[in-house]
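Data block below; observations after.
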Amino acid sequence: MCLGVTYWTLFVASCSVIPQEWGWTIPFIRCAVAAIESFFAGISLTLIDDLFPPEKRRGTLFKFNNFSYIMGALGIVVGAIVPSYLGSNWRFALQVRKIQPGTINYIGVTGRYN
């Protein structure tokens, strides 16, 4: 699991640091990101089911499923706003857009702030 998250993070980060002449590789890297995300979507629900007690499981699954969409939409908004302040730096906006939803989703689902 940790290895998969590490690969996902590296692939996402690599999309924002690829030089202009290697831009043709971005679709292939994004396909790898999508494959890793689809693999972990199924595992995540069973892990939540195993890790949380029955009385907290329902709320945690609700938060996990809904925060993914809400934070994804918020990430798109943040990703659209960041370039306007940084002079159209879409690469930095991609980094912010990927880091922000995952962090807030983790805090929202687990309730762990430290």
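The values are calculated or read from the model by the stated rules, or taken from the named source; none is laboratory data. What you see is a predicted model, and the numbers here were worked out from it, not measured in a lab. Here the Cβ is made from the backbone with ideal geometry for all residues, glycine too, and neighbour counts use every protein chain on show.
Figures for the structure shown
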quantity	calculated
Among (1) modelled with pLDDT under 85; (2) closer than 19 Å to residue 4 by Cα - the single one residue 63 does not satisfy	(2)
Per-region count, the range 8-36, residues modelled with pLDDT under 80, within 24 Å of residue 69 (Cα to Cα) and assigned to a helix (DSSP H, G or I)	5
Qualifying positions in the range 41-59 - within 27 Å of residue 10 (Cα to Cα), surrounded by 15 or more Cβ atoms within 10 Å (Cβ to Cβ) and either in contact with a Gly (Cβ under 8 Å, 6 or more places away or on another chain) or not small (Gly, Ala, Ser) (or both)	48
